[in-house]
Amino acid sequence: MKKLAFLTVLALFVTSCHNDDTPVAPENPASDLISPAMYMGIFTRDGNKPFTGVLSVAPCNESTSIYYGNYVNQKLTPFHGYYFIKDGSVYPNANNQEVSLPAGTYDMVYWGTPQYTEPIYAYPNVREPNYSIGEDFAQQDFSLLAISNDTTYYPTFDLVHARRPVNVGTEDLDADLHRVVSGLKVTLKDNKGNALSNNIENVEVRVTHIAEKLNFYTAQPEGKACTVAFPLVRSDDDKEMSNGTVMMFPSFGTPELQVFITLANGKTKTFKQTLNAPLEANNKLTLDISIGNILEEEDSGSFTVDEWNESNEEINVPILE
């Protein structure tokens, strides 16, 4: 089971504590601490299914978004709990770090990265929230990261989230996880079914109006509108260029899809089209694009899309100026 990079960083990330808000430790933590059992499901359109993947659990003070912390080796630390989960239960023989707390009620904040059976984009990147005892998680977020000095941003990881109160000592750690990102897969083909031109050196897809942040406590989109960029990869038979499913935060309104094709002669051809609807959490959009000979109009910086399928709906796209 893969452990995604950002959760590895979160699991190892130590920050300073806020002394004024540090909870009082139990008198005998070795005997008073409890590690609840865990059973996790993920909510899908087909109903609830057992969750498989990596899951983090951050306990907050009861009825608040203030991070309580977690006991590790009988000491209160900013290290949250994290688990490898298979079919809803803790995966045996994995390097889990359990939630260990005194009895009482806590608001548990769950974030997970599901394991995928189909290819997904290999290079996501996000800025993680700050885990510090006494930190207000309502002021923390996952944030998109800019690609170098560019004005575009990396896609994110696949993320699922839940939040609910748990009475440690009488209840298990269980929740229905909800996907809080949107998926996008783009496929570019020749309109006659031929191999794509060798003159195509590179294809980049950009999606506008994507939320910059997800609030750590609520998982709601926040921040400014950003443009997420990712490349398409040529297939072994040269018949298409596509991407593993890209994850991105939900959009603010209806985004525009932009395709930039770089040719061997150094010129760039472009295509832009507003999508039919906003990109929403827990939705996956599949776009199929068929193009003709993009070298026919050497003086034009745009190209014509002969067919455009969005969620299996055909759209007639005009020639762009």
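Descriptive notes on the structure:
- Taking 4 °C and 1.567 mPa s as conditions, segment 125-185 diffuses translationally at an estimated 89 µm²/s according to Stokes-Einstein applied to its Kirkwood radius (Cα pairs).
- Rolled with a 1.4 Å probe across the full set of protein chains, the surface gives Leu184 an accessible area near 0 Å².
- Sorting 214-220, 238-244, 263-269 by average packing, meaning the other beta carbons within 10 Å per residue, from highest down gives 214-220, 238-244, 263-269.
- Once divided by 2.2 N^0.38 Å, the Cα radius of gyration of segment 179-287 becomes 1.17.
- Residues whose amide H falls under 5 Å from that of Lys284, counting only those 5 or more places apart or on a different chain, are Gly183, with hydrogens built in the peptide plane.
- P(r) tail for segment 44-133: Cα pairs beyond 22 Å make up 38% of the total.
- Sparsely packed loop sites in segment 78-150 (the chymotrypsin sites (Phe, Trp or Tyr not before Pro) outside DSSP H, G, I, E and B with at most 15 other Cβ atoms within 10 Å) comprise Tyr116.
- For the residues Thr245, Thr151, Thr52, a 1.4 Å probe over the protein chains yields an accessible-area ranking, largest first, of Thr151, Thr52, Thr245.
- A Förster distance of 51 Å, applied to the separation of the beta-carbon atoms of Tyr39 and Thr268, puts the FRET efficiency at 0.50.
- Among the trypsin sites (Lys or Arg not before Pro) within segment 183-233, those in coil by DSSP and having at most 15 neighbouring Cβ atoms inside 10 Å are Lys192.
- Within segment 50-71, backbone nitrogen closer than 15 Å to the virtual label 7 Å beyond the Cα of Asp172 toward Cβ: 50-52
- Per-residue extension of 0.36 nm, minus the Cα-Cα distance of Arg164 and Lys224, leaves a gain of 18.8 nm for this segment.
- Of all accessible heavy-atom area on segment 170-295, the percent that carbon and sulfur account for (1.4 Å): 41
- Extending 7 Å from the Cα toward the beta-carbon at both Ser235 and Ala94 defines two label points whose distance is 3.3 nm.
- For segment 232-238, putting each phi into the Karplus relation 6.51 cos²θ - 1.76 cosθ + 1.60 with θ = phi - 60° gives couplings of 9, 10, 6, 6, 4, 8, 6 Hz, in residue order, rounded to whole numbers and with x for Gly and Pro.
- Label-to-label distance for Ser197 and Glu128 is 4.5 nm, based on points extended 7 Å past Cα in the beta-carbon direction.
- Using a probe of 1.4 angstrom and keeping all protein chains present, the accessible surface of segment 123-220 works out to 41 square angstrom per residue.
The values are calculated or read from the model by the stated rules, or taken from the named source; none is laboratory data. Treat the numbers as computed from the prediction; the structure is a model and nothing was measured. Here Cβ is always computed from backbone atoms with ideal geometry, including for glycine, and neighbour counts include all displayed protein chains. Heavy atoms of the whole protein, side chains included, go into the accessibility calculation; ligands, DNA and RNA do not. Shrake-Rupley method; radii C 1.70, N 1.55, O 1.52, S 1.80 Å.
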